[in-house]
1. Would you point out the residue of the range 335-362, among those that are without any contact (Cβ under 8 Å) to a residue 60 or more places away in the chain and in a loop (DSSP other than H, G, I, E, B), that is surrounded by the most Cβ atoms within 10 Å (Cβ to Cβ)?
2. Can you confirm whether residue 120 is in contact (Cβ under 8 Å) with a residue 24 or more places away in the chain, outside any loop (DSSP other than H, G, I, E, B) and surrounded by 23 or more Cβ atoms within 10 Å (Cβ to Cβ)?
3. How many residues does the range 158-202 contain that are assigned to a loop (DSSP other than H, G, I, E, B) and either under 14 Å from residue 217 (Cα atoms) or over 30 Å from the mean Cα position of the chain (by Cα) (or both)?
4. Count, please, the residues in the range 268-292 that happen to be on the phi < 0 side of the Ramachandran plot and either in a loop (DSSP other than H, G, I, E, B) or out of contact with any strand residue (DSSP E or B) (no Cβ under 9 Å at 6 or more places or on another chain) (or both).
5. Among the listed residues 138, 74, identify the single one that is within 23 Å of the chain's Cα centre (by Cα) and surrounded by fewer than 22 Cβ atoms within 10 Å (Cβ to Cβ).
């Protein structure tokens with residue numbers, strides 16, 4: 001793989017960095033789109049810096065791949081997309097604050113609407129700007145988070161469509177258990193939002209874009225694709241769980257790299273790291289690697305994590321500290337100072353996945369990517 005602006009990045013690159021393979025991103029987007037019926041729209045979820053992968057480069061690739069929408073959480077993310085010349089329709093999944101509504105209208109941002117006072121304020125903002133504001137109505141079909149209940153939808157819909165300057169472009173909801181093997185609850189959720197087209201037709205209105213499917217829904221629930229799906233974690237190479245009935249051929253997008261800062265031989269009984277939680281049982285070679293929890297490497301990997309060095313697994317020994325970890329490389333005699341270390345990703349025939357790290361930390365790959373992705377040094381490979 002070739003790195004863009006390699007010389008400049010090499011000069012700036014510190015002792016640890018994140019690598020993003022945009023070719024893998026394109027591959028994953030294609031695998032999702034293959035599951036969809038012709039005409040089904042895709043909204044690539046790029047919130048939270050594209051799950052740590054870099055929102056702007058990822059959004060550009062998704063646009064080039066043919067994504068129809070992008071989805072973010074907050075308005076400032078949508079604004080940043082516009083500032084970088086990305087013109088796709090953008091959903092803001094937690095709406096837009098009143099103070100940002102006029103700018104949202106000017107930028108064509110699509111907020112999810114779940115409060116009537118926000119709808120009224122959006123209408124007033126559209127009137128002041130002299131434009132029409134496209135919005136998506138958010139239903140709570142069983143997540144228990146944002147959205148209005150289905151039984152309240154008729155009255156809310158009637159009030160919303162009377163507001164000047166508002167164009168109801170879509171109706172959205174969100175699956176809560178689509179990544180589980182038992183799909184009964186998800187099917188009940190889908191059945192609720194499936195009532196919306198009839199609700200529109202009975203009012204002489206054209207049904208808008210209906211969307212509820214996240215990554216799990218996009219892969220496992222073809223009957224719930226409706227007019228659009230919103231893939232997130234699958235774009236970045238992870239399945240939302242190990243319970244999917246129809247997993248896809250995904251490629252990991254993120255890698256986390258460092259190098260051996262120091263190698264030393266220590267005698268048996270040498271304690272390693274804070275708290276003396278590890279002591280060598282024999283003469284050992286210990287590699288110190290300049291990565292820690294400040295870089296997003298979980299402290300829960302103390303005495304549990306793995307590093308790839310010279311294509312072999314080396315156990316993390318001692319506690320993960322703020323800026324350093326230690327690995328036992330006694331069984332890797334060829335290891336040398338300044339050798340590359342992979343903490344996430346592949347080296348040789350070995351690979352450490354986000355799911356592997358997440359399992360050791362009793363969490364999900366989403367959190368691992370978001371935290372590692374906060375590293376301010378990223379290399380982007382294979383851009384379109």
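Throughout, read-outs are computed from the coordinates displayed, never taken from laboratory work. It should be emphasised that the depicted structure is a prediction, and the values quoted were computed from it without experimental measurement. Because the Cβ atoms are built from the backbone with ideal geometry, glycine has one as well, and the counts that use them run over all protein chains shown.
1. Only one residue fits best here, namely 348.
2. Numbers: in contact (Cβ under 8 Å) with a residue 24 or more places away in the chain: yes; outside any loop (DSSP other than H, G, I, E, B): yes; surrounded by 23 or more Cβ atoms within 10 Å (Cβ to Cβ): no.
Judged against the criteria, residue 120 is not a match.
3. Number of matching residues: 16.
4. 11
5. None of the others qualify; the one that does is 74.
Condition check ((1) over 21 Å from residue 159 (Cα atoms); (2) in contact with a helix residue (DSSP H, G or I) (Cβ under 8 Å, 6 or more places away or on another chain)) across all residues:
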residue: 73; (1), (2): yes, yes
residue: 86; (1), (2): yes, yes
residue: 89; (1), (2): yes, no
residue: 116; (1), (2): no, yes
residue: 125; (1), (2): no, yes
